[in-house]
Amino acid sequence: MHELTIEYFALLREQRGQATERLQTAAATPAALYAELQTRHGFTLPGDRVRAAINGAFAASDAPLRSGDLVVFIPPVAGG
């Protein structure tokens, strides 16, 4: 199990109802973690539309997670 800090932005923050949470998970990658959170919190964005950053750097969906990591999920953004 890993103890992680998760941060959410934009739509994900709205759907979660908070910007940050700490949790224990067996998820080994950002993709697995997002799938778990999507089920738990009802996120509507598919995993392939969300970017992950680990400890301040963008990470591949299959990057390894370790206890103590800060994982940020960033949905697509629109601007004009």
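See the values below:
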| quantity | calculated |
| --- | --- |
| For Leu45, net neighbour charge (Lys/Arg +1, Asp/Glu -1) across residues whose Cβ lies under 15 Å away | +2 |
| Three-way shape call for the range 1-76 based on the alpha-carbon gyration tensor, with the a/c threshold at 1.5 | rounded |
| Radius 13 Å from Cβ of Val77, net charge of other residues (Lys, Arg +1; Asp, Glu -1) | +3 |
| Local electrostatic count at Met1 - Lys and Arg +1, Asp and Glu -1, tallied over other residues with Cβ under 15 Å | -1 |
| For the chain: accessible area per residue (Å², 1.4 Å) | 57 Å² |
| Accessible area of the chain belonging to carbon and sulfur atoms, whole % at 1.4 Å probe | 53 percent |
| Degrees between helix 30-41 axis and first principal axis of the chain (Cα, 0 to 90, nearest 10) | 70 degrees |
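The values are calculated or read from the model by the stated rules, or taken from the named source; none is laboratory data. This is a predicted model, so every value here is computed, not measured. So basically every Cβ, Gly included, is an ideal-geometry build from the backbone, and we count neighbours across all protein chains shown. The protein model used for the area step is the full one, side chains on, heavy atoms only, and it has no ligands, DNA or RNA in it. Shrake-Rupley method; radii C 1.70, N 1.55, O 1.52, S 1.80 Å.
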